[in-house]
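The values are calculated or read from the model by the stated rules, or taken from the named source; none is laboratory data. Bear in mind the structure is a predicted one, so any value in this text is a computation, not a measurement. Neighbour counts run over all protein chains shown; Cβ positions are idealised from the backbone, glycine included. What goes into the accessible areas is simple: the full protein's heavy atoms, side chains included, and nothing from ligands, DNA or RNA. Shrake-Rupley method; radii C 1.70, N 1.55, O 1.52, S 1.80 Å.
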Amino acid sequence: MSTGESAISFREVGKSYGDFRAVEGLSFNVAPGSIYGFLGPNGAGKTTSLRMMLGMIAPSTGEISVLGSPSAMGVRERVGYLPEERGLYRRMTPLETIVYLARLKGMDAAPARKKALELLERFGLAAFAKSRIEALSKGMAQKVQILATIVHAPDLVILDEPFSGLDPVNQQVLEELVEDLRREGRTVLFSTHVMQHAERLCDRLLLIARGKLAFEGTLDEARDRMPQTIKLTTSADAADLAALPGVVKVAADPVHAGSYELTMKNGADGENLLRSCFERGLQLTGFDMSEPALHDIFVALVGEGAEVADSRGTAP
Amino acid sequence: MSVLGRIFLVAKREYKHHAQSKGFWLTMVAVPVIAALAGLIPQWVQENKPARAFTVIDQSGGAILADIDATIAADNAKRALAALKDYAADNIPPESVPMLSPMAPARGDITADDVAVFQAWGGVEKAKELLPKLVREGAPAFNPPGPRFVRVEPPPEVDPAADPAAIGTALSPYLRAEKPIAQTAPAYLSSALIVPQDYVLTRPTTAIQYWTTNINDFDLQTLVERALTAEAQRAMYEEQGMSRDAVAAIEQRRVALQPFSPDKQESGGEVEMKDRLLNIVPLGLALLLWMSIFTVANLLLLGVIEERSNKLIEVLLSSVSAEEFMAGKLLGIAGIGLTILVAWLTVGLIIMINGSGPTVAFAHDAINLILSGPYIPAFAFYFVVGYLTIASVFLGLGSVCNSQQEAQSLLTPLIFVLMLPFFLLMPMLEDPNGPIATTAGWIPVYTPFVMMVRLSTNPPWTEVVATGAVTLFFSILVLWAMARLFKSAILRTGQPPRLIEMWRMMRRGS
C-alpha cells in the first residue's frame, strides 16, 4: 500500500527525549476503512506514537501522514481521539461536554447538540444528559468520553486503550461500536495490551516493543511467524518424543506428569507427528494442535519481560 | 474552524465555567463588602464603645479631680459637637445653618476653643432645643453620642486616705470585674486614678497612679495626661506672671503652612483636602489592578492543574493546539478578571454613594478624576501587560505541576517577589517621583502597579511611554517563553521539572 492511499502512514519515525529513545524507526501504513490494532506492553512507545500521530508532540525523525496531511492538526476535524487516561470537566454536564468537544472539532452548535442528544439516547445516558459529570458513575463518564470522540463523525478514530476500565457489558458495547464505525467506512486505530479485543476486531496488527516495531501484518501472518506447538499427554518419555520427526523441542509440564509441549520445525505437519506416534506404539491420552492465541504470539514476538495482560477472565 | 474560532470557544468555556462557580460570585461581592467593612468596623467600634467607669481618689486636695471632671465634660462636648456638625451638614438646609451660630456648623477639625464656645453657647441641650425648627422635613432626630468615660465614686470600703498601694489592693476585685461598682451600666470599674497626698501639678515628686487591668486601652490615660499637662503648663505660665487669658490666647495660636502645587496653578495652586484624598484614587486603582490580576491568575493555575491531573488535556490537545488552548484560557480568564473589576468598582461606588456625607462627595470627585485623567486608558494598558505577564507565568507553572502542593512550592518565592510593590506603596505615595518609585517603575513586573500610582503626580511622559514599552516587550517575552514551556510540559508526567529543565523546555519549545 502506498502512502498516498493510507489513512495513517509512518516512515522511519522516531522520538527521543535526551538520550532516551521512546520510539525508533517506526514504519507502517493503516488502510482506510480498516481496524488497526496497535499493540505493545506498557512503556513500549504506544502512547508516544499516538501523540505524534495526533500532532501533540513532534517526531524527532521521520515522516508522518494522517488522512493525507503531514500533521493530524491539519485534519483535526476529521479525527476523533480517546486517550488512555481520561478526564472530563467535573462541573460540566455530559451534554455540554460532548457539544463543547464537537464544537472544537468544527461542528456548529445546533447540529452538535442534536447529535449529542442522539448519542446519549442511543447509549442509555439520556436521563443523565444534564447531570454534572461528577454525579455520574465511572462507567457512565467513560461512555461520555467515547461519545465525545465520535460525535463529529470522524473519518479516523484513534482509541488509546479504549477497553481499559470498562465492565464486560460495556466492553461488548464498545466492540460493537468499533465494528459499526468500520461498517460506516471509518478507519479505527486502537491500542491495547488486551489481546482478545485485538484478535476479534483487527484487520491488521502492529506490535511495538521497547520503541521498535516487532511485527506488522494480519493475525494469520502473525501466526505464520510462530512455530507450531502441540500438546501431548502420553506415557512415553521425553527422549521418545524428541526423536519424533519435525520436533525441535520438548518441554515437560512441571505440574501434570506425562504432559508435554512439543515445538515443531516450521512447515512440520501435525498429522505426520500423530501418525509417527501410532507407528512407534506411543500411547497418547491427549493431543492438542490448536492455533496459537494472539497472546502467545505477542509474548513470543515481544519477548521476555513484556507485560501482557492475559485477558482471560477480564474480557467478554 | 479558524484559529480565532477555537480560541474563542476555549475562552467562552473558561468564562462560563468560572462565572457559574460560587467562588466567582463570592469574590465579586465579598471583596468590596469586606473592604467597606474594614473601613467602617473600626469607626463603628470606636463610636459604639460602651462607656467605661473610672474612679478618682484625689488625696492632694481635690484640684486634680476638678481638672479631670472638666476634661471629661469637654470630651463629651467635643464628641457631641462633632456629631452635631455631621448631623447639621446632612439635615439642615444651608440657609438655616447660620442659626446654629456661634458654633461652626461645617465638618472639620474641632479645637479646644470650639468646644469651649460650644459649651458656653449652651451645648447639646441648646442644640436639641433649636434643631427641630431648622432641620429638613423627615430628618431623623439628633442623638448625641453617649460619654466615653463616666466617673464614679470609689467603693465605700476603700479608705481614701490610705496608702496608694493599699487603695489599689482594695480596688482590685472591682478592677478585675469580680464586683460591680454600680447597679446600672457601666457596672464594672475599668480604671482608677490615685493622686498622692503630696502631689503638686506643676512640680510633682511622685506620679499619679493609673490602675487598670486593660493595660492596652490608652484612651482615658491619654486624655487625662494631655489635659493635666496643659493645665500644669498654664499654671506654670501663671507662676511666671502671665494671666490665664493671655496663656489661653497663646495656646490658640496656630501657625499653618498652606500647601500649593504647580499641578493646580490653573485654580491658583492651592492644595485642598480634596486634592489629597484624590491622590489615593490611583493608589486604589493600583491595588485593584494587583488584586484582580492575582485573583484570576490563580484561577488559571488551578484550572490547568485540574486539566493536567485528570488527563483532560490530551483530549483538548487533539482538537486545539497548545498555543490556541493557552490563548483561549488567557482570554477567558481575562474576561473573568474584567468582570470582577467592573463588579468591584460598581459595588464600591454604590457603597460610597449610599454612604454618609463626605464619602458621597469623595465618590463623585473620584469618578470625575478617573473620567477626566489618563487613568482609564492607563488602567486598561497596565491590566493587559500585568495580566499577560503574571497570568502566563501562573499558566506556565501550572503546566508542569500535578497538584496544588507542587505549584505552591514553585510559586511561593515568586509571590514574595511579586508582592514587593505592596511594601513600596507608602514610600512611593510619599515621594512618587523619588528614587524608589522611579527605579521600581522600570522593573517590568512592577511597572503596571508603580506607574499607576505615579500617574497622579504627572511623571515625565517620556518615562511613562518608555516604561510602558519595556513592560509591553517584557510581557510578550514572558508570554512567548511560557507558551513554549506550556507546550513542552503540558503532556509530561511525573515530578515537576527542575528549573534548569524548565529553562531547556523553554529553549526547545516542544
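For the reader, a short list of remarks on this structure follows.
- The residue pairs whose first member lies in the stretch B:286-309 and is under 21 Å from A:Arg86 (Cα atoms) and in the same structural domain as B:Leu420 (by TED's automatic domain parsing), whose second member is open to solvent by less than 10 Å² (accessible area, probe 1.4 Å) and of a type in the set (Asp, Glu), and whose beta carbons are closer than 9 Å, counting only pairs six or more residues apart or on different chains, are B:Leu300/B:Glu14; B:Gly303/B:Glu14.
- Which numbered condition B:Asn76 misses (of (1) over 24 Å from the mean Cα position of the chain (by Cα); (2) away from chain A (no Cβ under 14 Å); (3) at pLDDT below 90; (4) in a helix (DSSP H, G or I)): (3)
- Unmet criterion (only one of (1) within 14 Å of chain A (Cβ to nearest Cβ); (2) in contact (Cβ under 8 Å) with a residue 40 or more places away in the chain; (3) open to solvent by less than 70 Å² (accessible area, probe 1.4 Å)) for B:Glu323: (3)
- Scanning the stretch B:289-320 for residues that are surrounded by 20 or more Cβ atoms within 10 Å (Cβ to Cβ), within 14 Å of chain A (Cβ to nearest Cβ) and either of a type in the set (D, E, K, R) or over 24 Å from A:Val151 (Cα atoms) (or both) returns B:Leu299, B:Gly303, B:Val304, B:Ile305, B:Glu307, B:Arg308, B:Glu314.
- Considering only residues in the stretch B:66-81 that are among the hydrophobic types (A, V, I, L, M, F, W, C) and open to solvent by 40 Å² or more (accessible area, probe 1.4 Å), the one that is nearest to B:Val124 (Cα to Cα) turns out to be B:Ala73.
- Every residue from the stretch B:173-206 that is farther than 30 Å from B:Gln240 by Cα, open to solvent by 70 Å² or more (accessible area, probe 1.4 Å), in contact (Cβ under 8 Å) with a residue 40 or more places away in the chain and of a type outside the set (A, V, I, L, M): B:Tyr188
- Residues that are in contact (Cβ under 8 Å) with a residue 12 or more places away in the chain, surrounded by 12 or more Cβ atoms within 10 Å (Cβ to Cβ) and not charged (D, E, K, R) are absent from the stretch B:37-48.
- Residues in the stretch A:165-177 that are over 22 Å from A:Leu95 (Cα atoms) and either open to solvent by less than 50 Å² (accessible area, probe 1.4 Å) or assigned to a helix (DSSP H, G or I) (or both): A:Pro168, A:Val169, A:Gln171, A:Gln172, A:Glu175, A:Glu176.
- Filtered residues of the stretch B:215-228 (kept if under 20 Å from B:Glu178 (Cβ atoms) and open to solvent by less than 70 Å² (accessible area, probe 1.4 Å)): B:Asp217
- B:Gly61, sole failed condition from (1) within 14 Å of chain A (Cβ to nearest Cβ); (2) at positive phi: (1)
- Odd one out for A:Leu147, checked against (1) at pLDDT 90 or above; (2) facing chain B (nearest Cβ under 9 Å): (2)
- Test: B:Ser456 is at pLDDT 80 or above and out of contact with any Ser or Thr (no Cβ under 6 Å at 6 or more places or on another chain): no
- Condition met for A:Ala127 (over 24 Å from A:Pro32 (Cα atoms) and open to solvent by less than 10 Å² (accessible area, probe 1.4 Å)): no
- Inclusion of B:Met242 among residues that are surrounded by fewer than 20 Cβ atoms within 10 Å (Cβ to Cβ) and assigned to a loop (DSSP other than H, G, I, E, B) is warranted.
- Scanning the stretch A:18-43 for residues that are acidic (Asp, Glu) and surrounded by 16 or more Cβ atoms within 10 Å (Cβ to Cβ) returns a single hit, A:Glu24.
- Looking only at the stretch A:44-100, residues that are open to solvent by 10 Å² or more (accessible area, probe 1.4 Å), small (Gly, Ala, Ser), on the phi < 0 side of the Ramachandran plot and outside any strand (DSSP E or B) come to 4 in all.
- Only a single item in (1) open to solvent by less than 60 Å² (accessible area, probe 1.4 Å); (2) farther than 17 Å from B:Met451 by Cα is not met by B:Leu418, and it is number (2).
- Hey, B:Val450 in contact with a Gly (Cβ under 6 Å, 6 or more places away or on another chain) and open to solvent by less than 40 Å² (accessible area, probe 1.4 Å) or not: yes
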